[in-house]
Amino acid sequence: MALVPYEEAAGVGLQKFHKPFATFSFANHTIRVRQDWRQLGVAAVVWDAAVVLSTYLEMGAVELRGCSAVELGAGTGLVSIVAALLGAHVTVTDRKVALEFLKSNIQANLPPHVQTNTVVKELTWGQNLESFSPGEFDLILGADIIYLEETFTDLLQTLEYLCNDHSVILLACRIRYERDNNFLAMMERQFTRPKTTGK
């Protein structure tokens, strides 16, 4: 498990969520993801944590070429798009209501030869896990997915099911509330976190 903390940029408010598109440059590609706050709310906007995690991946924090990765609660798909462009075989997951929106962003931003290594699949945490093989993934990704306390147990169950002994979990989030720290404590009881230096 690795935690990527960040500070919110001053002066940038919710107006960025109401724009129909958000554009980024990662992996030598311009990525233009569609957003739809009015239709799908939090699942259809690019949160800062997705940008932070995408940057972390681009910096080479983990070897992605040929890696089997899954993104949980993918939303717009930005993190999955970046991981796929960097060589990972990515399973992009979210709840059923967000899948068509997610697929459109994946198809619009990945070249055809990269799309063949990318699958969009329904996953509600703690449910329908049997549609995945236990321990199937080398890398589990999540950006701003620890915000609803009632999902913590299901999320932990899902992480445990999808991981093997060598899996790496990368979650990026802004710690907003005590419950976020409670989730991290729950994770540390089930998973090993490498010691880090600095902040």
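The values are calculated or read from the model by the stated rules, or taken from the named source; none is laboratory data. Because the structure is predicted, anything quoted here is derived from the model rather than measured. A quick note on method: Cβ atoms are made from the backbone with ideal geometry, for glycine too, and the neighbour counts reach across all protein chains shown. Protein only, heavy atoms only, side chains kept; ligands, DNA and RNA dropped before computing areas. Shrake-Rupley method; radii C 1.70, N 1.55, O 1.52, S 1.80 Å.
Give the number of residues within the range 145-183 that are open to solvent by 80 Å² or more (accessible area, probe 1.4 Å), outside any helix (DSSP H, G or I) and of a type outside the set (S, T, Y).
Looking only at that region, the number is 4.
Screening the range 131-144 for residues that are in a loop (DSSP other than H, G, I, E, B) and more than 26 Å from D48 (Cβ to Cβ) and picking the one that is most open to solvent (accessible area, probe 1.4 Å) gives P134. Annotation note: of I106, I145, the sole residue that is more than 19 Å from F26 (Cα to Cα) and not aromatic (F, W, Y) is I145.
Taking the range 136-178 as the range and being of a type outside the set (A, V, I, L, M, F, W, C), more than 13 Å from the chain's Cα centre (by Cα) and under 17 Å from A83 (Cβ atoms) as the test, the residues that pass are E136, D138, S167. Looking across the range 49-85, just one residue is under 19 Å from K19 (Cβ atoms) and open to solvent by 40 Å² or more (accessible area, probe 1.4 Å), and that is V51. Per the listing T55, T93, T76, T30, the residue uniquely polar (S, T, N, Q), closer than 22 Å to L162 by Cα and free of Cβ contacts under 8 Å to residues at least 40 places away in the same chain is T93.
Take the conditions under 22 Å from Q127 (Cα atoms) and at pLDDT 95 or above and apply them to Q157. Does it pass? Yes; evaluated as a whole, the condition is true for this residue.
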